[in-house]
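Each remark here refers to the structure printed beneath this line.
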Amino acid sequence: MTEWRDFRVERIDTGEATLAVRVGGSGPPVVLLHGFPQHSPMWRRIAPVLAERFTVIAPDQRGMGASTLPERGFTNTDMARDIAAMLDALGHERACVAGYDLGAGVAVAFARDYPERAERLAVMEFVAAGFGLEQAMAPSKGWNADSNWHFSVFAAPDVAAWLFTGRERELLNWFFGHEGHGGNGTVDADDLDHYVRALSRPGALRAGAQYYAAIFQDGEDNAPLKDRPLAMPVLAVGGASHAGPMLEQLWRPVATDLSTAIIPAAGHWLAEENPADTAAALARFFSATDKETDR
C-alpha cells in the first residue's frame, strides 16, 4: 500500500494562488478537498486506501496549510477555478471529487461550473450554501459554547484573527471536541500539534476565516442549482451521530442522482473517527464510474 508519507508534494501555480498538492497512487484521478480548520493531512488515513486503485490528489486549498494565504476575500467559485487549474497542471481532464465540510462547498462549485470535468461527486458532512447553510450562521435561543457560534464569528475574518491569534490550540481543541461521536480526543496529539503549527502561520487564521465570510456569496452563486440541480452521480456522506440522518433532506434539492452513506461510530470528524468505513464508502462510489476517467 502507498503510505501517506510516500505521496509526492507538488507546488502548482493556478494563476490566482499557489497550492501545495499531495499526489499518490495510480489509476483514475480522485481529488480530495479538506475543510476548515484542517488541510490535506486530514486525508492521511483515507488517501492511502484510495491510492490502491486511484491517483489521489489532495491539495491544501488556498488559505490553508502550505498554500497561498490571501489577504483579500475569496469564494468557492474562486477555489473551484483553482481545482480546474490544478487538474490542468497534472494532466487530467476529468476527475472524481470528494469534499469534506467546507471543502464540500468547493466541490459543489467545481461540479456546478465544470460539470463536464466532474465524473462523480462526494459531499461529506455539509449542507450547501443557498440550501440551508446560512441558517447555521444565525444566533438562536439557547446558543452556548457548544453551538455553531463560529459561523458568525468567522464570517468577520478580522474579528476571528483578533480573538484567536495566539490561542490557536484552544480554538482547535474546541473544534475537534465539537460535534464528534466521542467528544474530546478526536484528533491525536501529534495531529493536533501539526494543525496548530499550520494555523499559527502569520495570516493563516484570517485567511481560513474567509471560507465563512464567503458563505452568503457562495449561496448566491449556487442559485442556478435550484432550477438545474447537479446531474452527475452524487454521494452524500455523514456520520451516524451528526449529519447522517439528514443526508437525504440536505442534498436531494441539489442533486438529481443522489445516493447516501451513513458512517457508523462517527460524528462530524469522519476521517478521524471512522476512516476505514469512510474510505470504503468513497472507494465503492468512485469505483462505480460508468467509464474510466483519463489518467
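The values are calculated or read from the model by the stated rules, or taken from the named source; none is laboratory data. Computed from a prediction, not measured in an experiment: that's the story for all the values here. Cβ coordinates were reconstructed from backbone atoms using ideal geometry, including for glycine residues, and neighbour counts include every protein chain displayed. In case anyone asks, the SASA skips ligands and DNA or RNA and just uses the protein heavy atoms, side chains included. Shrake-Rupley method; radii C 1.70, N 1.55, O 1.52, S 1.80 Å.
Assorted remarks:
- When the square roots of the Cα gyration tensor eigenvalues are ordered a ≥ b ≥ c, the ratio a/c for region 171-255 is 1.5 or more and a/b does not exceed b/c, which makes its shape oblate.
- Solvent-accessible surface of region 179-277, averaged per residue with a 1.4 angstrom probe and all protein chains in place: 43 square angstrom.
- Taking only protein heavy atoms and a 1.4 Å probe, the accessible area of region 35-168 is 52% carbon and sulfur.
- Tensor-based shape of the chain (alpha-carbon gyration tensor, a/c under 1.5 rounded, otherwise prolate or oblate): rounded
- Of all accessible heavy-atom area on region 203-295, the percent that carbon and sulfur account for (1.4 Å): 52
- Annotation for region 1-61 versus region 222-295: alpha-carbon center distance of 19 Å.
- The modelled label-to-label distance for the pair W162/D6, using points 7 Å beyond Cα in the direction of Cβ, is 5.0 nm.
- Ranked by solvent-accessible area (1.4 Å probe, protein heavy atoms only, all chains present), the residues E119, E220, E71 order from largest to smallest as E71, E220, E119.
- Three-way shape label, region 4-51, alpha-carbon gyration tensor, a/c 1.5: oblate
- Remark: accessible surface ordering of D227, D221 (largest first) is D227, D221, probe radius 1.4 Å.
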